[in-house]
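Read through the structure below, which is laid out as structure tokens, and then see the notes.
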Amino acid sequence: MKDYLVKALGYNGMVRGYSLCATAVVQEGASRHETASGATVALGRTLIGGLLLGATLKGDDKLTIKVQGDGPVGSIVVDSNGHGTVKGYIKNPQVPLQADAAGNLSLPATVGTAGTLSVIKDLGLKEPFTGQVPIVAGDLSQDFTYYMAVSEQVPSAISLSVLLNEDASVAAAGGFMIQVLPGADEECIASIEASLQKVPNMAKFIAEGVTPEEILQKILGTDVEILESMPVEFVCDCSKEKFATAIIALGAKEIEEMIVEDHGAEAVCSFCNRKYHYTEEELQALKDEALG
Ligand SMILES: [Zn+2]
């Protein structure tokens with residue numbers, strides 16, 4: 001199944017649903033950063049969360065998610081937007097899934113159970129919107145759910161799911177977000193809560209070929225109205241020119257040091273791990289630009 005996201009309405013417009021298959025997105029994140037199992041699931045779930053929150057944005061608005069837990073993977077940063085593209089990185093990509101006190105492999109033991117989840121939204125206004133909540137679970141699904149309830153005041157059920165193969169490669173990944181709109185009655189909420197139990201592990205369904213639309217039908221019923229479907233992709237927009245601009249901003253003195261001491265420079269994009277090399281001649285040209 002190709003990666004894509006669907007937006008839908010259910011319960012006569014009282015409930016909004018988002019659902020996506022993101023297997024290739026999570027695979028791309030894992031291969032870009034050469035992640036071990038723990039970092040694959042932690043970064044993967046945050047990428048899926050980024051796409052779900054991004055799907056609520058309009059036009060060219062974009063957002064950055066920062067998960068700063070006290071677990072061994074360290075901080076996770078994900079950038080997303082309303083066009084279905086996402087990119088991200090994790091501080092310690094080599095961390096495998098950690099065992100909890102009972103000896104079971106656990107994402108909270110890997111991400112941490114204390115710290116913060118922050119969302120910075122650039123909505124084209126003067127000031128970005130920033131929301132921050134404490135990490136409440138460390139499995140990220142509950143943490144994103146808590147963020148939506150507390151910071152955005154939209155009661156939501158969020159599930160982020162990454163299924164690994166035995167060799168720790170990505171078998172399937174996906175997620176959903178169900179939002180109850182003002183006006184939804186108790187009966188509707190109770191019915192959805194019961195239906196959520198039918199999708200305990202979304203990635204497993206995706207691995208079996210169940211589509212994002214069918215997932216929403218399981219949760220919201222067969223009269224769910226699909227509004228939109230769009231492809232999602234891990235894309236980094238970095239370029240040699242963008243890093244050149246950053247080098248120029250360092251100033252002529254710093255660039256001169258790179259020429260004299262290192263005889264060149266290498267820039268590494270933290271989002272996609274792509275490397276850009278600058279020769280002495282190229283640095284000389286950037287130094288001239290820095291001098292104006
Ligand atoms: Zn990049």
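The values are calculated or read from the model by the stated rules, or taken from the named source; none is laboratory data. Not measured: the values here are computed from a predicted model. Note: ideal-geometry Cβ built from the backbone for every residue, glycine included; neighbour counts use all protein chains shown. Remember, those area values only see protein heavy atoms, side chains included, never the ligands or the DNA or RNA. Shrake-Rupley method; radii C 1.70, N 1.55, O 1.52, S 1.80 Å.
Could you tell me which residue of region 218-247 is surrounded by the most Cβ atoms within 10 Å (Cβ to Cβ), considering only residues that are of a type in the set (Asp, Glu) and within 13 Å of VAL86 (Cα to Cα)?
GLU233
Collect the residues in region 268-283 that are touching a residue at least 60 places away in the same chain (Cβ under 8 Å) and more than 9 Å from the ligand (Cβ to nearest atom), keeping them in residue-number order.
none
Filter region 249-267 for residues that are away from the ligand (no atom under 16 Å from the Cβ) and open to solvent by less than 40 Å² (accessible area, probe 1.4 Å); which is nearest to ILE76 (Cα to Cα)?
My answer is ALA265.
Does region 151-170 contain at least one residue that is among the aliphatic types (A, V, I, L, M), on the phi > 0 side of the Ramachandran plot, in contact with a Lys or Arg (Cβ under 8 Å, 6 or more places away or on another chain) and open to solvent by less than 50 Å² (accessible area, probe 1.4 Å)?
no
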